[in-house]
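Quick one: the structure is below, and I'll ask about it shortly.
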Number of protein chains: 2
Amino acid sequence: MKLPVLPSILLVISTAHAFQYSELVQYVDSHQEEYVEALREWVAIESDSSNVLKRPDLHRMMETTAQKLRQMGGTVELVDIGEQELPGGIMLTLPKVVTARFGNDPSKHTVCVYGHVDIQPAKLEDGWATDPYNLTDINGNLYGRGASDNKAPVLAWIHAVEAYQALNMELPVNVKFVIEGMEETGSNGLDTMIMTQKDTFFSDVDYIIISDCGWLSRQPALTYGTRGNCYFLAEVEGPKQDLHSGAYGGTVIEPMTDLIGILDTLISPNGKILIPGIREAVAPLSDEEWKMYQDIQFDIDNYKKKIGVSQLMYSNKVDLLAHMWRYPTVSIHGIEGAFSDPGTKTVIPSKVTAKFSIRQVPNMDPAMVKRQVSDYLHSVFAKRKSPNKLKVTMVIGAKPWLADPQHPLYEAGKTAVKRVFGMDPDLIREGATIPIARMFQDVTGKGIIMLPIGAFDDGPHSQNEKMSQFVSTTHLSLFHKDFQIKPYKLMNVPIY
Amino acid sequence: MKLPVLPSILLVISTAHAFQYSELVQYVDSHQEEYVEALREWVAIESDSSNVLKRPDLHRMMETTAQKLRQMGGTVELVDIGEQELPGGIMLTLPKVVTARFGNDPSKHTVCVYGHVDIQPAKLEDGWATDPYNLTDINGNLYGRGASDNKAPVLAWIHAVEAYQALNMELPVNVKFVIEGMEETGSNGLDTMIMTQKDTFFSDVDYIIISDCGWLSRQPALTYGTRGNCYFLAEVEGPKQDLHSGAYGGTVIEPMTDLIGILDTLISPNGKILIPGIREAVAPLSDEEWKMYQDIQFDIDNYKKKIGVSQLMYSNKVDLLAHMWRYPTVSIHGIEGAFSDPGTKTVIPSKVTAKFSIRQVPNMDPAMVKRQVSDYLHSVFAKRKSPNKLKVTMVIGAKPWLADPQHPLYEAGKTAVKRVFGMDPDLIREGATIPIARMFQDVTGKGIIMLPIGAFDDGPHSQNEKMSQFVSTTHLSLFHKDFQIKPYKLMNVPIY
């Protein structure tokens with residue numbers, strides 16, 4: 001059982017001396033069971049930031065994280081970031097942000113590791129093969145909600161520091177942590193916290209590392225961009241309570257029919273977004289990008305097989321990568337308030353709320369998208385002449401992030417990956433949203449690198465999410481038990 | 001606290017002598033608390049026939065019903081009606097049907113009371129003001145799932161027989177009961193049972209009484225028709241598991257978008273069913289019906305106020321009544337498999353199943369409707385050129401029922417109602433489905449009358465369903481505590 005504690009070490013001990021390596025290897029090897037146990041404890045906490053009913057678990061998760069860092073002797077703070085306002089004006093306390101510091105030597109670089117310990121919702125009955133909150137080892141894969149996104153990567157970084165401490169080795173860099181609990185719902189409150197601590201906690205930070213992402217294929221990768229996300233609620237409210245569809249069907253103008261009608265105007269069957277203004281804002285694909293995408297390893301058949309579909313929205317690599325990374329899309333996630341249980345309830349739901357989101361790319365602006373979506377849906381709804389009430393709200397408005405893949409930080413990363421894997425990393429983007437990258441960029445101006453720890457088939461946000469021991473079965477991997485020694489070669493390569 | 005035990009007595013003791021009435025009145029009055037307690041026990045059993053996970057409760061409900069009838073000395077049977085097949089081929093035992101007999105005198109008429117003790121789903125978080133399984137008295141209304149539909153009416157009939165027994169009075173008629181547990185999902189298995197027992201249990205039945213319905217207004221009513229219902233599942237299946245909308249949005253052809261697309265083709269914003277062939281099958285509205293509807297008491301403003309809407313699908317009484325009772329309609333109840341919880345999950349659901357139903361009226365044929373819906377949805381879906389898979393299944397196919405309101409049984413009913421309320425009953429139909437009426441008509445050929453016990457505002461299938469003490473506040477009522485004596489005048493009027 002090998003947890004991905006290794007890549008953390010790669011970076012942290014990048015300036016360490018050769019004789020230290022074997023000691024670290026030995027320590028890490030002999031403590032794998034503890035690492036798995038730590039992950040098991042974290043996965044058992046249902047720290048779902050999107051469900052207000054789970055907020056006590058989320059608070060507990062932050063406290064557990066802080067406690068672990070405190071026990072290691074870090075300078076730890078639980079930073080109060082205030083409250084969030086729920087629909088109806090109810091105020092709910094946000095999970096505190098954990099900050100920690102190990103080392104304070106002005107002659108060293110300071111690395112700040114960002115991670116999050118909140119998770120997406122998961123229920124066994126969604127189709128999980130195992131209890132999502134009971135970490136389960138099947139063939140070297142550790143299944144559990146949050147295992148890959150982002151609890152194991154966070155633990156990997158923490159355990160790297162711990163290994164140094166246990167061996168009484170001096171950390172070659174100062175290490176800081178910023179660990180939040182609202183990432184899955186848009187990092188609510190974190191921007192203010194970063195701005196407030198810009199000239200204190202963040203003042204001596206040289207580089208920010210984010211491992212909240214995954215490889216694209218079996219080819220190693222560095223990530224230089226992420227899409228943003230605007231998440232919308234479209235609520236249609238009609239009768240004052242649910243009605244019997246036998247008694248009232250035919251006389252009542254049903255909110256569900258109205259909602260289906262407006263949802264159907266968001267996107268065409270072939271993926272064209274129908275909301276005026278959205279597509280026009282997107283930066284055009286440059287020749288250089290086109291060329292870059294052409295060279296990226298991406299096996300379409302394998303991708304189709306992995307997700308189990310016979311056909312994708314596009315049939316060629318460049319179109320697929322472009323629509324994965326640098327074009328917006330609309331996904332309809334579900335409807336709250338309608339009948340969603342097993343069975344055959346004959347109900348006219350009185351209030352139904354659709355949830356959909358639009359991924360953001362340069363040069364879209366969430367504030368503008370909010371207005372475009374709201375105006376469009378209201379105009380489409382008005383044509384129905386329904387007496388029901390439509391309310392459109394944007395509850396997440398996260399901007400996209402884009403780094404320069406020629407920046408020295410990325411050049412160092414490329415060199416390091418080449419040493420370990422014997423090949424250049426693919427420079428990839430992430431279709432998903434990691435708002436922190438954009439936030440750090442805007443507020444601190446620090447260099448940021450995204451170093452994926454997750455495998456391409458980890459399935460974050462899906463049923464049966466897992467953290468894998470194997471990023472690759474065909475290449476040497478950081479996590480493959482047969483190649484434990486190999487990754488340590490990277491330690492000779494300072495990547496900062 | 002007055003439970004509607006009275007109307008049962010009205011019918012059962014219709015040939016009783018005058019001196020018996022006051023004794024019965026006294027007995028019923030002094031046992032109201034027991035009647036409420038009995039209803040409380042029944043409501044506490046979550047006998048939801050649509051949720052397979054509640055099947056043990058449903059079995060318990062049938063056993064409880066049988067036990068109550070056994071304790072009264074009835075000849076009781078729990079009739080095995082076999083199993084139902086669930087999707088995936090799993091077989092589930094159907095709740096047994098309770099039959100009971102009190103009296104076997106060939107010189108008397110035999111009345112068979114039909115009722116059901118299964119319920120619609122209900123959860124506190126759906127918007128109930130009180131726990132739906134804890135009967136709660138608020139201002140003389142007894143709130144609880146199944147209170148009006150159909151547990152209290154069933155208990156009313158049972159308590160009527162019990163009153164006779166307690167007073168050692170001879171029942172003026174033989175009374176039989178048929179009480180089932182699958183009504184809310186289409187009375188699965190009951191048709192076979194009725195057919196099997198046609199020449200045994202049902203051979204001496206003269207009349208069948210159903211009290212599984214409600215008044216239309218504050219005007220007393222008799223019901224002579226019900227709509228049927230065809231309940232459909234439309235399942236769209238795509239990727240083999242749920243996907244992260246950030247990672248996969250843009251490349252995957254999303255099942256939810258496909259499903260929304262085809263659902264939007266079922267019915268127009270102004271209520272026109274778009275499935276070819278459906279409207280053509282409907283019997284045209286006759287001049288006689290039009291005239292009848294014109295004369296029915298129906299306060300549109302009150303109806304709008306009751307359900308809390310500013311506008312209905314039609315603005316005049318005849319159109320509204322016609323679309324409530326004798327035209328089909330499509331209601332979309334919800335989607336299983338999509339994200340329906342609170343929060344903001346960013347998921348691409350892999351398999352989504354819409355649930356919708358089409359109310360049936362003469363001369364529609366469920367078998368034909370099944371084909372029309374399936375063919376239409378598949379043709380609409382094909383135009384999308386989606387690689388996802390569509391499966392359309394009809395899980396309930398209940399026919400409409402229509403009686404002749406000039407039949408002697410209804411004439412007797414009219415006379416009886418006039419005696420009690422001092423006015424003619426409205427002859428109404430029911431938009432909802434009571435498959436048993438049609439089933440009895442087809443199989444036994446016996447006379448059937450529907451005598452509503454529920455009030456017009458009981459809210460069956462809704463949040464805050466209740467059984468009311470007051471059917472009317474403006475007219476004398478069977479249930480109003482100030483007019484306990486008046487209804488007994490009806491006892492002089494033999495209605496059979």
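Quick one: accessible surface of A:R218, probe radius 1.4 Å, all protein chains present, in square angstrom to the nearest 10.
80 Å²
Please state the relative contact order of the range B:334-391 as a whole percent: Cα pairs under 8 Å, 6+ residues apart?
Normalised by residue count, the contact order of the range B:334-391 is 25 percent.
Determine the per residue accessible area of the range A:31-118 with all protein chains present and a 1.4 angstrom probe, expressed in square angstrom.
44 Å²
If you place +1 on the Cβ of every Lys and Arg and -1 on the Cβ of every Asp and Glu, how big does the dipole about the Cα centre of the protein assembly as shown come out, in debye to the nearest 20?
Dipole about the Cα centre, nearest 20: 1660 debye.
Residue by residue through A:304-314, how many Cβ atoms from other chains fall within 10 Å of the Cβ on average?
Mean inter-chain Cβ contacts per residue within 10 Å come to 6.
Continuing with this model, one more query. R0 = 41 Å: FRET efficiency of B:A281 with A:A367, Cβ-based, nearest 0.05?
In this case the efficiency is close to 0.20.
Give me the one-decimal nm value for the distance between modelled label points at B:S107 and A:T415, 7 Å along each residue's Cα-to-Cβ direction.
11.4 nm
On to the next question. Hey, what did the range A:191-345 get for relative contact order, percent, Cα under 8 Å, at least 6 apart?
Taking the mean separation of contacting Cα pairs over the length of the range A:191-345, I get 21 percent.
Here's a follow-up. What dipole magnitude, in Debye to the nearest 20, does the range A:73-139 give about its Cα centre under +1 on Lys/Arg Cβ and -1 on Asp/Glu Cβ?
Magnitude of the dipole: close to 320 debye.
Something else about it: How high is the relative contact order of chain B? Use alpha-carbon pairs under 8 Å, at least six apart in sequence, and give a whole percent.
The normalised contact order for chain B reaches 25 percent.
Expressed in whole Å with the largest first, what are the equivalent ellipsoid semi-axes of the range B:273-369 derived from the C-alpha gyration tensor as the square root of 5 times each eigenvalue?
So the equivalent ellipsoid measures 34, 22, 8 Å along its semi-axes.
So, R0 is 25 Å and r is the distance between the beta-carbons of A:E37 and A:T75; what FRET efficiency does that work out to, to 0.05?
0.45
How much net charge surrounds A:T75 when only other residues with a Cβ under 11 Å from its Cβ are counted (Lys, Arg +1; Asp, Glu -1)?
On the way: positive: A:R70, A:R101, A:K176; negative: A:E77.
Overall, the nearby charge balance is +2.
Any idea which of B:I119, B:L171, B:A152 is furthest toward the positive side of the dipole for chain B, if Lys and Arg beta-carbons carry +1 and Asp and Glu beta-carbons -1?
Value: B:I119.
With n ≥ 4 as the cut-off for DSSP H runs, can you work out [θ] at 222 nm for chain B, using -39500 (n - 2.57) per run divided by the number of residues, rounded to the nearest 500? Let's see the in-between values first.
Numbers: 14 runs with 151 residues, N = 496.
For chain B, the value works out to -9000 deg cm²/dmol.
Related question: Label-to-label distances across copies for B:E34, with labels 7 Å out along Cα→Cβ, in nm, shortest first?
Going from nearest to farthest copy, the values are 7.1 nm.
Still on this structure: Sort out for me the Cα centre separation of the range B:172-213 from the range A:392-408, rounded to whole Å.
Here the answer is 65 Å between Cα centres.
Specify the angular offset, from 0 to 90 degrees and rounded to the nearest 10, of the alpha carbon long axis of helix A:366-383 from the longest principal axis of the alpha carbons in chain A.
On a 0 to 90 degree scale, this one is about 20.
Once the Cα atoms of helix A:408-421 and of chain A are each reduced to a long axis, what angle between those two axes, in degrees from 0 to 90 to the nearest 10, is obtained?
70 degrees
Using +1 at the Cβ of each Lys and Arg and -1 at the Cβ of each Asp and Glu in the protein assembly as shown, identify which of B:H407, B:I262, A:T185 lies farthest towards the dipole's positive end.
B:I262
Between A:M169 and B:D137, what is the FRET efficiency for a Förster distance of 45 Å, r being their Cβ-Cβ separation, to the nearest 0.05?
After rounding to 0.05, the efficiency reads 0.05.
Which order do A:E37, A:E170, A:E77, A:E183 take by accessible area at a 1.4 Å probe, largest first?
A:E170, A:E77, A:E37, A:E183
Next question. Quantify how much of the Cα-Cα distance distribution of the range B:114-254 extends past 27 Å, in percent.
47 percent
Indicate, rounded to the nearest 5 percent, the antiparallel portion of the DSSP beta bridges found entirely in chain A.
In chain A, DSSP labels about 70 percent of beta bridges as antiparallel.
So if I average 1/r over every pair of distinct C-alpha atoms in the range B:359-414 and take the inverse, what Kirkwood radius in Å does that give?
14.4 Å
What number in nm² do you get for chain B if you take the convex hull of its Cα atoms and divide its surface by four?
23.6 nm²
With the cut-off at 1.5 for a/c, could you classify the range B:382-437 from its C-alpha gyration tensor as rounded, prolate or oblate?
Details: a/c = 5.26, a/b = 3.92, b/c = 1.34.
Note, shape of the range B:382-437 comes out prolate.
So which residues of the range A:336-370 lose at least 20 Å² of accessible area, probe 1.4 Å, when you go from the chain by itself to every protein chain present?
Buried on complex formation: A:E336, A:F339, A:S340, A:D341, A:P342, A:G343, A:T344, A:K345, A:T346, A:V347, A:K355, A:R359.
OK, next. Mind checking the range A:99-203 for trypsin sites (Lys or Arg not before Pro) that DSSP puts in a loop (not H, G, I, E or B) and that have at most 15 other Cβ atoms within 10 Å?
Of the trypsin sites (Lys or Arg not before Pro), the ones in loops of the range A:99-203 whose Cβ has at most 15 other Cβ atoms within 10 Å are A:K123, A:K198.
For the charge dipole of chain A, defined by +1 on Lys and Arg C-beta atoms and -1 on Asp and Glu C-beta atoms about the Cα centroid, which residue among A:V79, A:P435, A:V352 has the Cα displaced farthest towards the positive pole?
A:V352
What accessible area, in Å² to the nearest ten, does a 1.4 Å probe give for A:D264?
Looks like 40 Å² after rounding.
I would also like to ask the following. For the range A:135-281, what is the accessible area per residue in Å², given a 1.4 Å probe and the full set of protein chains? Walk me through the numbers before you get to the answer.
Numbers: 3810 Å² over 147 residues.
In whole numbers, the range A:135-281 has 26 Å² accessible per residue.
Rg to Rh for the protein assembly as shown: what is it, with Cα atoms only and Rh by Kirkwood?
My calculation of the ratio gives 1.07.
Per q in 0.10, 0.16, 0.25 1/Å, what log10 I(q)/I(0) does a Debye calculation on the alpha-carbon atoms of the range A:204-293 return?
Log10 I(q)/I(0), no solvent term: -0.59, -0.96, -1.30.
Another question about this same structure. Compute the label-point distances linking A:E125 to its equivalents in the other copies; points lie 7 Å from Cα along Cα→Cβ; give nm, one decimal, shortest first.
Result, one decimal in nm: 1.1.
Along each of its three principal axes, how wide is the spread of alpha-carbon positions in the range A:317-431, in whole angstrom units, largest first?
Over the range A:317-431, Cα extents along the principal axes are 64, 37, 25 Å.
Hey, what angle do you get for helix A:32-43 against the long axis of chain A, alpha-carbon based, 0 to 90 degrees rounded to 10?
20 degrees
Calculate the length of the line joining the C-alpha centroid of the range B:287-342 to that of the range A:224-260, in whole Å.
If we compute the Cα centre of each part, the gap is 18 Å.
Also: Ordered shortest first, which distances in nm separate the 7 Å Cα→C-beta label point of A:T393 from those of the other copies?
3.7
The values are calculated or read from the model by the stated rules, or taken from the named source; none is laboratory data. Quick caveat: nothing in here was measured; it's all calculated off a predicted structure. Positions of Cβ are generated from backbone atoms using ideal geometry, with glycine treated the same way; all protein chains shown enter the neighbour counts. Accessible surface is based on the protein model in full, side chains and every heavy atom, while ligands, DNA and RNA are left aside. Shrake-Rupley method; radii C 1.70, N 1.55, O 1.52, S 1.80 Å.
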